[in-house]
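Colleague: Okay, handing you the structure first.
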Amino acid sequence: MYVLGIETSCDETAASIVKDGRCVLSNVVSSSLKEHKKYGGVVPEIASRMHLESITGVVNCAIKEAKVKLKNINLVSVTCGPGLAGSLLVGISFAKSISLALRVSLLGVNHLHSHIYANFLNTQRLSFPFVALIVSGGHTTLFYVKDFDKIDVLGATCDDACGEAFDKVAKILGLGYPGGPLIERLAKSGNPKMQFSCSNTKQLLDFSFSGIKTAVLYYIKKQSTVHSQLVRDIAASFQGAVIDTLIKKSLLACRLKKTNRLVIGGGVAANNRLRERLYGEAEKSGLNIYFPHPKLCMDNAAMVAGLGYQLFKKGYKSGLDLNIDLCAH
Ligand code: KG4
Ligand code: ZN
């Protein structure tokens, strides 16, 4: 079964063809990132206009690269939320039109659940149940996953998302956007000697990143000069504190749910320091850790096609009244 996946929840216009839910035949991503760089974050209006310009070419490219014929596509799976309303609308409208024209089924899927699904693509073998941590620019959520359609939220951020905190701290440090990869690079030659930490939350499995961002801001304001080694040290200290909290809460969730499988996903999962530290923890505590391929951590449509396949097999389908779902979590 060939599924066409479409993802437009933020600034990436993505399309992919996945065979039988696992085999990625094409995975095309066009990002409007450079249009947003000068604003230091994604501008929703620009993102949705760029989706409009790119979507036809991106979908055509995915079909061509996969070497499938339009008539062989069995399902169109599309992200319906959470995300930016204007961006989601472009993907959903396009998916509806193409499913109507091809007379094939349509299915709307949850963006965060599709980030979890990235771990099932290609060679990974993973069984239920497990704890999943999704860390992206818009979300930081711990899930307990019993099946593709049985996913409970264990905890989430009370303020900024983890990736958002990386982006904002990078802005404070004058590094540019997106901040995650820039902070990771500088942190490599930094000394994590500053005592930054993430705030406590009422619920043990929730997260808070807004306080640490402000702590970095005040720290910088107090300095008379900000030389490059100081920036590296701040990057390392901030990254270390964020990773500490991600690991602490994920391990606690695994203990509470009595599972030894921990799955990571979302843009921040591309962070190599997070990977190293988690693998280290895994060795100590007998956990099995799963990360998607770095290419599949960031927003992509292969994860949308794959999850669509699994849900369709379970009998899920959407009608042409499919709408954006901003309340999805
Ligand atoms: O999942 P994603 O592509 O888009 C959303 O759904 O938000 O995640 C993008 C986020 C950005 O905030 C970016 O700074 C962060 O992921 N990110 C990273 C790294 N690569 C991307 N954060 C930390 N370390 C990285 N290497
Ligand atoms: Zn995402």
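The values are calculated or read from the model by the stated rules, or taken from the named source; none is laboratory data. Note that the coordinates shown come from a computational prediction; the quantities given were computed from them, not determined experimentally. Ideal geometry is used to build each Cβ from the backbone, glycine not excepted, and the neighbour counts take in all protein chains shown. Remember, those area values only see protein heavy atoms, side chains included, never the ligands or the DNA or RNA. Shrake-Rupley method; radii C 1.70, N 1.55, O 1.52, S 1.80 Å.
Colleague: Probe radius 1.4 Å, ligands and nucleic acids ignored: give me the carbon and sulfur share of the accessible area of the chain as a rounded percent.
Modeller: Numbers: 7570 of 14590 Å².
The computed percentage sits at 52.
Colleague: Which of the chymotrypsin sites (Phe, Trp or Tyr not before Pro) across the range 42-135 are loop residues per DSSP, with 12 or fewer other Cβ within 10 Å?
Modeller: none
Colleague: Turning to a different aspect of this structure: Place a +1 charge on the Cβ of each Lys and Arg in the range 107-226 and a -1 charge on the Cβ of each Asp and Glu, then give the dipole magnitude about the Cα centre in debye, rounded to the nearest 20.
Modeller: Its charge dipole is roughly 520 debye.
Colleague: What Kirkwood radius, in Å to one decimal, follows from the Cα pairs of the chain? Don't skip to the answer; put the middle values down first.
Modeller: On the way: mean 1/r = 0.0496 Å⁻¹.
Hydrodynamic radius (Kirkwood, Cα pairs) of the chain is 20.2 Å.
Colleague: Can I ask one more? Around D233, with a cut-off of 13 angstrom between Cβ atoms, what is the net charge of the other residues, counting Lys and Arg +1 and Asp and Glu -1?
Modeller: Net of charged neighbours comes to +3.
Colleague: Considering only protein heavy atoms, with the full assembly of protein chains and a 1.4 angstrom probe, order S189, S99 by accessible area, largest first.
Modeller: Largest to smallest exposure gives the sequence S189, S99.
Colleague: Here's another thing I want to ask about it. If only Cα atoms are counted, what is the Rg of the range 110-235, and what is its Dmax, in Å?
Modeller: Rg, Dmax (Cα atoms, Å): 17.1, 54.
Colleague: Which three semi-axes in whole Å describe the equivalent ellipsoid of the range 229-329, each the square root of 5 times a Cα gyration tensor eigenvalue, listed largest first?
Modeller: Value: 32, 19, 13 Å, ordered largest first.
Colleague: What accessible area per residue, rounded to a whole number of Å², is obtained for the chain using a probe radius of 1.4 Å?
Modeller: Per-residue accessible area for the chain comes out at 44 Å².
Colleague: While we're looking at this one, here's another question. Running a GNM on the chain with Cα contacts under 10 Å, which residue among K146, K69, K171 ends up with the highest mean-square fluctuation?
Modeller: Fluctuation is largest for K69.
Colleague: Turning to a different aspect of this structure: Can you sort T56, T141, T123 by solvent-accessible area, 1.4 Å probe, largest first? Display every interim value, and only then the final one.
Modeller: Working: T56 75, T141 10, T123 125 Å².
Correct descending sequence by accessible area is T123, T56, T141.
Colleague: Separate question: Would you report the distance distribution of C-alpha pairs in the range 17-82 as whole percents per 10 angstrom bin, up to the bin with the largest distance?
Modeller: 17, 42, 28, 12, 1
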